[in-house]
Amino acid sequence: MPEPPGDAATSEKPDPDAIARIRAEHLRWLESGGADGARADFSGMALADVRFPGADLRRALFANADLFRADFAGADLSGADFTGANLNRADLAGATLQRAVLDGADLSDAALGDARMEHASLVETSLQRAWLGRAHLEHATLTRADLHGAWVGRASFDQANLEGAMLVGAEFPGTSFRAASLRSAYFGGVTLIDADLSGADLGEVRNLTRMQLDAAIVDERTILPPELGAGHGQASATG
């Protein structure tokens, strides 16, 4: 098994008692509205394989931390800061990441099925080969994010910003992109079977083919690239 990348791999891993103390202080901080305890700050720490399933870590700080294979399944991470963190192979299935900041983070091969990520920021985040089945990313910002080879079945990107995103080889069966911005996104090899593009902005997208578009749902509000024109794809869209 290769070592996780990044400078965090050279940091000393805190002992379990220290982690428990940080979590206890954070819970007091949350319950007191910031009047007592201390906000959890794991920034830059080496936390590979750490286990936080179901934890309440709202607004915790994990910037540039090494969280390789970390277990956050079902955890509440609303408003947490994961800027630049290594979350390669992390388990975030069913986690709540609403309004979390994951800019520049490495979420490649991560499990994000059923995750709640509404209004999250994932600018230039790597989601290569990530599993995002049924994930909620409504109003999320994924500009220039890399979803190369990701599986994103029946997820929702309604009103999300995916401008300039790398979607090559990703699969989006039954996924909703209603009113999302996909301008300049790269669609090489993307699967869009039953994907809902109603009202989506597909202006200046790259490598989108007529065959891909015909498998999706579009409506009169969908902005298509000039070379594909209007009137292709399924004529009706839900809603």
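General observations
- Relative exposure of I217, I22, I193, judged by other C-beta atoms within 10 Å (fewest first): I193, I22, I217
- Principal-axis tilt of helix 16-31 within the chain, Cα atoms, nearest 10 degrees: 70
- Under 5 Å, built H, 5+ apart or other chain: amide partners of D158: L137, E138, H139, R178
- For A55, distant residues with modelled amide H under 5 Å away: A75, D76
- Under 15 Å from the R154 label point (7 Å along Cα→beta-carbon), backbone N, the range 73-110: 94
- Table column - 3J(HN,Hα) (Hz), the range 97-109, Karplus curve with 6.51, -1.76, 1.60, x for Gly and Pro: 10, 4, 6, 6, 10, 10, 4, x, 7, 9, 10, 5, 6
- Using the alpha carbons alone, the radius of gyration of the chain stands to its Kirkwood radius in an Rg to Rh ratio of 1.04.
Where a number appears in this text, it was derived from the coordinates with a stated rule and is not lab data. These numbers were taken from a predicted model, which means no experiment stands behind them. For neighbour counting, all protein chains shown are included, and Cβ atoms are generated from backbone atoms with ideal geometry for every residue, glycine included.
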